[in-house]
Amino acid sequence: MGLFVAKHQHTPENCPAKSPEMGAMLLEHLSEENAAKAGITVHGEAVIEGRHTLYLIADAPDRASVEGFMAPFAAAGSLEVLEANPCSTVVGRAGC
């Protein structure tokens, strides 16, 4: 398992939260139970106010697993998945 940060962005016109049905579907998709089905543990997610940008921090087997899990978001805009480490790991090895 590795740690990953996913960043999704969309335009205001394509904002999934505008649609009650789409919003409910995306919340269900991000649920702990659904993520576990994909072998993913979500540590946190947040939307940057007014920026139409979502960040997700998760443990997953690999980058492809996160990209697949986040595919519904990618359909509405861009998606970037980055490998990451906890601060303790970076400090322990004395560098980023």
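A35 is checked against (1) part of a helix (DSSP H, G or I); (2) open to solvent by 30 Å² or more (accessible area, probe 1.4 Å) and fails just one. What number does that condition carry?
(2)
Which residue is farthest from the chain's Cα centre (by Cα), if the candidates are limited to region 43-87 and must be under 11 Å from L3 (Cβ atoms) and small (G, A, S)?
A84
In region 1-47, what residues are among the basic types (K, R) and either in contact with a Phe, Trp or Tyr (Cβ under 7 Å, 6 or more places away or on another chain) or within 28 Å of C87 (Cα to Cα) (or both)?
K7, K37
Identify all residues within region 1-23 that are surrounded by 11 or more Cβ atoms within 10 Å (Cβ to Cβ), farther than 15 Å from S65 by Cα and not polar (S, T, N, Q); write none if there are none.
The answer is H8, H10, C15, P16, A17, M22, G23.
The values are calculated or read from the model by the stated rules, or taken from the named source; none is laboratory data. Treat the numbers as computed from the prediction; the structure is a model and nothing was measured. Don't worry about glycine lacking a Cβ; one is built from the backbone with ideal geometry, like all the others, and counts go over all protein chains shown. Just so you know, the surface numbers come from the protein's heavy atoms only, side chains and all, with ligands and any DNA or RNA stripped out. Shrake-Rupley method; radii C 1.70, N 1.55, O 1.52, S 1.80 Å.
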